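Worksheet for the structure shown next.
The numbers here are math on the coordinates, done by the rules we state, and not lab data. Small disclaimer: the values here were computed from a predicted structure and weren't measured. Here Cβ is always computed from backbone atoms with ideal geometry, including for glycine, and neighbour counts include all displayed protein chains.
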Amino acid sequence: MDAAREKAVLEAVPKGLFINGTWRDASGGATFGVEDPATEQKLVEVADGTADDARAALDAAAAAQADWAASAPRERSEILRRAFDLMSERSDDLALLMTLEMGKPLAEAAGEVSYAAEFCRWFAEEAVRIDGRWSRNPAGSGRLLTMRQPVGPCLLITPWNFPIAMGTRKIGPAIAAGCTMVVKPAQQTPLSMLLLADILREVGLPDGVLNVVPTTKASDVTGPLFDDGRLRKVSFTGSTPVGKKLMEQASKHLLRVSMELGGNAPFVVFGDADMDLAVEQAVIAKMRNIGESCVAANRFHVHESVAEEFAQRLAQRLGEMKVGRGTEDGVEVGPLIDDEQRGKVADLVEDAVGKGAKVLTGGERVGDRGYFYAPTVLSGITDEATLLREEIFGPVAPVKTFSSDDEAIAAANASDYGLVAYVFTRDLERALRVSEALEVGMLGLNKGLVSNPAAPFGGVKESGFGREGGREGINEYLSVKYVAVDL
Ligand code: NAP
C-alpha cells in the first residue's frame with residue numbers, strides 16, 4: 001500500500017470534537033494518539049473530550065431536538081439517502097482509514113463500509129413509514145388513536161471492532177425517527193466515526209442533531225450525562241460488564257435502553273450436515289473480523305461421527321490463511337486490537353491445552369511487531385476449558401464433540417450469553433426443532449453470517465436486548481402515544 005495515500009487519508013480526517021455542526025478542540029486542548037495495531041505506530045492525534053465537552057454536546061442535541069422532531073420525514077430520509085451515496089462514493093478512503101486504526105484486512109473493511117452505508121439506505125426508507133393506528137375500541141364506545149414520536153436526545157456508545165457499522169446501526173434509525181444524539185466512539189478507533197460525522201455534515205444534517213465526542217475517559221465524560229434529565233435514551237454496543245454499569249446509570253432517570261452486548265456463539269454441526277458447506281461457513285463465522293466479533297463462532301460443537309474430519313479440514317483452511325497488515329495484498333487475517341487482547345487469547349489457548357486440548361494449527365503469536373496471533377484450531381476440548389464460557393475475541397476455533405441432539409442443545413445453551421447460534425444439518429425437522437430450542441436472538445441455519453441491515457439484530461440473556469436494523473430497529477428510537485377519542 002502506498003504510504004502517501006495512507007498519509008493523505010489520515011490528513012483529511014477531522015481530528016476535533018463535532019459539536020453543534022462545527023469542529024472544535026477539546027476544552028483544555030488535550031489530545032490522544034490513535035495507533036495502528038499492525039505496526040504499533042501512532043497514526044494521528046485526536047481531541048480528547050472532557051465532561052464539559054459532553055455537556056456542550058448534550059446542550060446542542062437538546063436545543064436541536066424540537067425542530068428535528070418536527071422536520072419532514074422526507075427531509076430526514078433524503079439526508080440518510082445522500083449519506084448512503086457519499087459513503088459508497090468514499091468507500092475506499094473509509095475502508096483504508098478503518099484498516100489503519102482497527103487492523104482488519106482492506107476487503108473486510110470495504111465490506112463493513114458497505115454494510116454501514118446500507119443502514120443509512122435502509123433507515124432512509126423507514127423514515128417515511130412511521131405510522132400509527134386508528135381503531136374502534138372493543139366496547140364500541142370510542143376510538144383509539146396511536147402515534148409514534150421520537151424518544152428525544154440519545155447517547156450512543158460504540159465499540160472498536162466495527163468502528164463505522166456499529167455507528168450507522170444507531171445513528172441511522174435515530175436520524176430517521178427524529179432524535180438528536182451525542183456519540184461516544186471507542187477510543188481505539190475514533191477516526192472512522194469522525195469521517196462519518198463529516199459526511200453527515202456535508203449531506204446537510206442540521207447543526208446539533210449529531211454530536212461526536214471522542215475521549216480517553218469514557219466513564220467520566222459520559223457519566224454526568226446520565227444525571228441530566230434532558231437525556232432520554234442510551235444505546236450501547238460493547239461488553240456485558242460495561243452494559244450492566246450503564247443500565248445502573250440509566251435507572252436514575254429511567255432512560256430508554258438498548259443493549260447490544262457480548263456473545264458466545266455455538267456452531268453446531270450434526271452428523272448429517274453438508275461437510276463442505278459447514279467448513280466453508282465455519283471459516284466465515286470464525287475468521288470474519290479476525291474473530292473479534294460479537295457474532296463470531298466461539299465454540300464448535302460437532303457430532304462425534306464427523307468431528308475429526310471437520311476439525312482437520314478447518315485446521316487446514318485456517319492454517320493456509322495469510323496473516324499480515326490489512327493493507328497488504330492477499331492478507332486475510334490482520335492483527336488483534338492490542339497486546340492485552342492478544343494476551344487474553346493466548347491465555348485461553350494455554351488454559352485449554354493445559355486441560356487436555358490438542359493444537360491442530362496455530363497456537364502462537366506471529367512476528368515481533370504488531371499484535372498478530374495465528375489462526376488456531378483446537379480439538380479434544382474438555383468441559384473445564386475456560387474458552388467455552390468466555391468470549392475469545394480472536395482467531396481461535398475450539399472443537400468439542402457431542403453424541404445426541406439433546407446433548408448438542410444442552411451444550412449450546414450452556415452459556416450466560418444468547419446472541420447468535422449456527423446450526424448445520426440437512427434434516428428439516430431437526431433444523432426447526434433445534435432452532436426453537438436454542439436460547440439466542442439470531443440463528444444461522446446452514447449459514448455462517450447473519451448480519452443484514454434488513455434483519456433485527458440482537459440477543460437474549462446477557463447478550464442484551466433491543467434490536468438494531470430490520471423493521472424493528474427504528475422502534476428503539478420511537479415512543480408510542482395513545483389518544484382516547486370520545487366518538
Ligand atoms: P467495551 O470495553 O464495553 O467498550 C465499548 C464502548 O464503551 C467503548 O466506546 C468504550 O470506551 C465505552 N466504555 C467503556 N467503559 C465505559 C463506561 N464506564 N462508561 C461509558 N462508556 C464506556 O467493549 P469493547 O471491548 O470496545 O468491544 C467488544 C465488546 O463489544 C465485545 O463484548 C463484543 O461482543 C461486543 N459487541 C457486541 C455487539 C452486538 O451487537 N451485540 C457488536 C459488536 C461488539 P473506550 O473505548 O474508551 O474503552
Placed amide H near Leu360: partners under 5 Å, 5+ positions off or other chain: Val377, Leu378, Ser379
Phi-derived 3J(HN,Hα) across region 434-450 with the Karplus relation (6.51, -1.76, 1.60, θ = phi - 60°), rounded Hz, x for Gly and Pro, is 5, 4, 5, 7, 7, 8, 9, x, 9, 8, x, 9, 6, 8, x, 9, 10
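Using 0.36 nm per residue, how much length does the chain from Arg230 to Ala69 gain when fully extended, once their Cα-Cα distance is taken away? Don't skip to the answer; put the middle values down first.
Details: separation 161, 0.36 × 161 = 57.96 nm, distance 1.48 nm.
That pair, Arg230 and Ala69, stretches by 56.5 nm at full extension.
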Longest principal axis of the chain (C-alpha) makes with the long axis of helix 3-12 (C-alpha) an angle, in degrees to the nearest 10, of 30 degrees
Please determine, in degrees from 0 to 90 and to the nearest 10, the orientation of helix 165-177 with respect to the longest principal axis defined by the Cα atoms of the chain, where the helix direction is its Cα long axis. 30 degrees
I want the antiparallel fraction of DSSP beta bridges within the chain, as a percent rounded to 5. 45 percent
Quick one: work out the % antiparallel among DSSP beta bridges in region 301-431, nearest 5. 35 percent
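Over the chain, what is the mean sequence separation of C-alpha contacts under 8 Å (at least six apart), divided by residue count, expressed as relative contact order in percent?
Relative contact order comes out at 18 percent.
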Any idea how far apart Asp339 and Asp416 come out in nm if each label point goes 7 Å out from Cα toward Cβ? 2.8 nm
30 Å Cα-Cα threshold exceeded, pairs from Lys104/Lys184; Lys322/Lys358; Lys245/Lys400; Lys252/Lys286: Lys245/Lys400; Lys252/Lys286
Obtain the nm distance between the two label points defined at Asp272 and Asp351 by a simple spin-label model: each point lies 7 Å from its Cα along the Cα-to-C-beta direction. 3.7 nm
Residues listed by number, region 200-241, amide nitrogen under 13 Å from Ser27 label point at 7 Å toward C-beta: 221-222, 224-225
Interchain or sequence-distant (5+) residues whose placed amide H lies within less than 5 Å of the amide H of Val460 are Gly418, Leu419, Gly441
Going by how many other beta carbons lie within 10 Å of each one, how would you line up Leu428, Leu194, fewest first? Leu428, Leu194
Taking a straight Cα-to-Cα line shorter than 18 Å from Lys461, and setting aside same-chain aspartates and glutamates fewer than 8 residues away, one finds Glu248, Glu260, Glu390, Glu391, Asp416, Glu436, Glu439
Highest-first arrangement of 249-260, 393-404, 73-84, where packing means the average Cβ count within 10 Å: 393-404, 73-84, 249-260
Helix 91-102: inclination vs the chain longest Cα principal axis, degrees, rounded to 10, gives 60 degrees
Applying the Karplus parametrisation 6.51 cos²θ - 1.76 cosθ + 1.60 with θ = phi - 60° to the phi angles of region 61-72, what ³J(HN,Hα) value in whole Hz is obtained for each residue in order, glycine and proline being reported as x? 5, 5, 5, 7, 4, 5, 5, 5, 4, 8, 5, 5
Calculated P(r) of the chain - Cα pairs past 43 Å, %: 17 percent
For Lys481, Lys184, Lys355, ascending order of other Cβ atoms within 10 Å (fewest first) is Lys481, Lys355, Lys184
Rounded to 0.05, the calculated FRET efficiency for the beta carbons of Ala107 and Asp486 at R₀ = 60 Å is 0.45
Can you spot the aspartates and glutamates whose alpha carbon is less than 13 Å from Lys447's alpha carbon? Ignore those fewer than 8 places along the same chain. Asp274, Asp276, Glu280
The answer for Glu292, listing residues at least 5 apart or on another chain whose modeled amide H is closer than 5 Å to its amide H, is none
